1. If I model a spin label at B:Leu28 and A:Glu52 as a point 7 Å from the Cα along the Cα→Cβ vector, what separation in nanometres do I get?
2. Using the count of nearby Cβ atoms within 10 Å as a rough guide to exposure, how do A:Val162, A:Val213, A:Val179 rank from fewest to most?
3. At what distance in nm do the modelled label points of B:Leu74 and A:Leu237 sit from each other, each positioned 7 Å from its Cα along Cα→Cβ?
4. Counting Lys and Arg as +1 and Asp and Glu as -1, each charge on the Cβ, what is the dipole of the protein assembly as shown about the Cα centre in debye, to the nearest 20?
5. Starting from the 7 Å offset along Cα-to-Cβ, what nm value, one decimal, do you get for the label separation of B:Asn261 and B:His230?
6. Helix B:81-90 against the longest principal axis of chain B: what's the angle in degrees, Cα atoms only, rounded to the nearest 10?
7. With all pairs of different alpha carbon atoms counted, what Kirkwood hydrodynamic radius in Å does the protein assembly as shown show?
8. How charged is the neighbourhood of A:Leu160? Take every other residue with its Cβ under 11 Å from the Cβ of A:Leu160, and add Lys/Arg as +1 and Asp/Glu as -1.
2 protein chains.
Amino acid sequence: MTQTDTLDIVRKVADLRARVKYWRDQGLSVAMVPTMGALHDGHLTLVRAALEAADRVVVSVFVNPTQFGPTEDLSRYPRQEATDAEALDGIGCHLMFAPTVEEMYPDGFATTISVKGVSEPLEGACRPGHFDGVATVVAKLLSQCGPDVALFGEKDWQQLAVIRRMARDLDLPVEIRGVPTVREADGLALSSRNAYLSAEQRVQAAALHRALVTVAEGVKAGQSPEELCHRAAAEVLAAGFAHVDYIEVRDAATMAPLTGNGRPGRVLAAAKLGTTRLIDNVAIEE
Amino acid sequence: MTQTDTLDIVRKVADLRARVKYWRDQGLSVAMVPTMGALHDGHLTLVRAALEAADRVVVSVFVNPTQFGPTEDLSRYPRQEATDAEALDGIGCHLMFAPTVEEMYPDGFATTISVKGVSEPLEGACRPGHFDGVATVVAKLLSQCGPDVALFGEKDWQQLAVIRRMARDLDLPVEIRGVPTVREADGLALSSRNAYLSAEQRVQAAALHRALVTVAEGVKAGQSPEELCHRAAAEVLAAGFAHVDYIEVRDAATMAPLTGNGRPGRVLAAAKLGTTRLIDNVAIEE
């Protein structure tokens, strides 16, 4: 464990624990921001919110293999640790935890956390096993670090809902906090996967957010969610997307179909632009 | 939360956490002994070991429905909270945590922890879902209490192995400690389920432990484990047992078949005496 005035980087759970204990012994509060690296301004907004929320901030950078399916982009997922460390250092983050796969999943590793219901539709249906991988690695990271609060981007809305459910069900002694999505000027949600887009695709990509906003406004105005979603899918395809995995209106917390019982709703989508899969979501304003 | 010189009983997670925090603020260490109540001298031996291991001891008493199968003895499992509290008070236990089912599994509960490998054979094969229920409730209890050390009886050897694996895999910041089985004079392992036995069955029951010891001695002497286990099963049946679920020699940590590579072995058995299912295990001495 290096100890300087600037960002420290640790790779071992034992070193992470030692650092957090050192803070705890001084009565300092701790926030954690789990990430897969390739940090963009969305991540940095999370880290800034974490710096507001607690005395010390740990950002984990770990491309978690168990949340990628066999045909997904694990091997080409962007990795840029030095750049990430520089960005974190620049905004005053205290510690970067960057474990190896072997540190996280040593020989004999055998445990999986599954969350029924909220993890099953949408991303869960498109990416079998994805949320098991997410729930398990997040539980591990929270247990390794023991923060008071952990912050996650609302861009991965269903992931946030799964993590909330898991943390509540397992009585994890941590507050789970969502932070609003950061968007480009044209509405495109920041994502590490945007780096895969060509210049032309980058322009087309904004159609996804536009379509979600149209659905949300239509639902608020009392139009049929089903019809709105079909029209939105058609618009996204017309804008150049190759395939729409889903555009759906759901209960914001449970991901069940929205039944109009006054519970908050969310419009969620996943679609492929070329070979790049983008997801996004927006609130249905009350 | 009642606060007297003697045992306190709390039923809410928030009260448990408040009490443990109060201890922590004084720099006291905490041990936990998860139980399903119906406490016998085996449990009390665990609590005495816990009192040696830490400054304060929490015993949870919770008959966990999720680890019982649909045809198992959940409804008739012995419940005797007042007697349990008296016994704990008598040996200096500090806190009994006796939550309701609703406190542990509120509406919307959806999370399951599964451990592959070690949980699959033996009890895992006989009782589908049992170890998912165990792993999940133990993770919850440990997270609710946050002890330094948690103690479990070796009588449920495979359960102990599953919990060790789960705690290591999820990086739970707790030491998992096994405590040797307490036995009657004739070798019968103490168990809350022994209360189901008739006087005649109680005498017959000792055959299970005798058979396990014979297998362990035979394996140590170089005899065939398979042949020894078949002979042991025949002896147990001849002694009056109605059915042998399994008698097996296994790797003590992984529950895989013992391959003679110098790793510790364990002889494990489950058998039915009338309608009462008894389990037991013994070490193969090195």
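None of the figures in this text is laboratory data; all of them are computed from the coordinates on show. From a predicted model like this one, the values you see are computed outputs, not experimental measurements. Neighbour counts run over all protein chains shown; Cβ positions are idealised from the backbone, glycine included.
1. 4.0 nm
2. Ranked by crowding around the Cβ, least crowded first: A:Val213, A:Val179, A:Val162.
3. Going by the 7 Å Cα→Cβ label model, 4.6 nm.
4. Charge dipole of the protein assembly as shown: 180 debye, to the nearest 20.
5. Calculated label separation equals 2.7 nm.
6. 80 degrees
7. Roughly 26.3 Å, rounded to one decimal.
8. Net of charged neighbours comes to +3.
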